[in-house]
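Have a look at the structure below, then the notes.
Each value in this text was obtained by applying a stated rule to the coordinates, not by laboratory testing. As the structure is a computational prediction, the values presented were derived from the model and not from experiment. Cβ placement follows ideal geometry from the backbone for every residue including glycine, while neighbour counts extend to all protein chains displayed.
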Amino acid sequence: MSELGDRLRQARERQGLSLAQASVDTRILQASLAALEEGAYQRLPGDVVVRGFIRNYAQYLGLPPDEMIELYRRERGGTDPIRIVPATHPPRTRTYVLPSFLGVFFVTMALVGLAYVTLNAVGRIGDRAGRVVTGATAVAPPPSPLPTVTLATMPTAAPTAQATPPPPAPTATLVAGGNIEPPEQTTPAVTTTPSAPIVLEIAIPSSRGTENSWVRVQTDGSTAFEGIMRSGEKLVFEAQRRVFIRAGNPPDVQVTVNGLQQGPLGQAAGQPVNWYWPPN
């Protein structure tokens with residue numbers, strides 16, 4: 001018989017527990033608990049799983065888990081853990097290879113010959129270039145006519161206004177004598193940016209009690225507001241092209257666009273909805 005199995009079975013019987021009840025409480029199969037109490041470890045899964053069963057079952061029965069696992073290790077024929085000692089390696093000795101005298105001599109001679117050929121070639125090229133320069137007659141190129149310079153003025157517009165395409169820019173012409181005639185000054189036409197075509201109003205009526213809703217508002221692709229709106233709160237936004245609203249509690253969110261009431265965003269409470277203007 002197994003000493004571990006006897007201790008597990010005796011502890012369970014002292015507490016008046018059946019294998020079926022212990023299996024339900026520990027969530028371990030009844031067949032696995034019976035194999036532990038009988039010492040039939042060959043009917044159980046791998047060693048790691050068996051150790052987990054023993055630890056859970058021992059804690060459930062009020063037995064010391066580490067002592068039970070040690071009994072299991074002895075019954076399975078376990079030995080002390082093997083210590084891994086790093087092997088020692090002899091120190092490496094550096095070896096030096098001395099170059100031979102003949103190799104050094106031939107390399108030196110090759111470098112000297114290469115330097116002599118290079119210097120000889122450079123001297124020949126210098127002599128040839130000097131002869132060509134001394135025997136030639138330099139001829140100055142004819143003077144080129146004085147070009148006509150044209151200057152263009154760049155009109156600027158106010159940073160907060162949209163400027164219309166400017167008229168053809170006046171030019172300044174360089175005349176004889178080096179004087180420049182100033183161009184005529186023109187004032188560009190400036191048009192202002194139109195106001196926002198979409199005025200959005202979001203409100204949570206106070207008549208519905210203390211309801212509130214999480215709301216996110218995007219105008220022209222940018223997030224203008226994201227947070228919780230409470231009862232009686234009202235927000236106003238402006239956009240040029242498009243408005244997007246996402247509400248977490250749609251029945252409590254009232255929307256008005258350009259003075260026209262659109263009503264609540266939905267009918268089902270607690271179900272978030274997406275709302276666009278202009279509609280898709």
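Numbers below:
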{"read-out": "Peptides 114-123, 259-268, 246-255, 58-67 ordered by average Cβ neighbours within 10 Å, highest first", "value": "246-255, 58-67, 259-268, 114-123"}
{"read-out": "DSSP-assigned coil residues among trypsin sites (Lys or Arg not before Pro) in segment 1-45, each with at most 15 further Cβ atoms within 10 Å", "value": "ARG27"}
{"read-out": "Which of PHE225, THR256, GLN271, positive extreme of dipole for segment 198-277 (C-beta unit charges)", "value": "GLN271"}
{"read-out": "Stokes-Einstein diffusion coefficient of segment 3-75, Kirkwood radius over Cα pairs, 20 °C, 1.002 mPa s, in µm²/s", "value": "180 µm²/s"}
{"read-out": "Prolate/oblate/rounded label for segment 198-277 (Cα gyration tensor, a/c 1.5)", "value": "prolate"}
{"read-out": "Counted charge near GLU201, where neighbours are those whose Cβ lies closer than 13 Å (Asp, Glu -1; Lys, Arg +1)", "value": "-1"}
{"read-out": "Lys, Arg +1 and Asp, Glu -1 on Cβ, resulting dipole of segment 3-75 about Cα centre, debye, nearest 20", "value": "160 debye"}
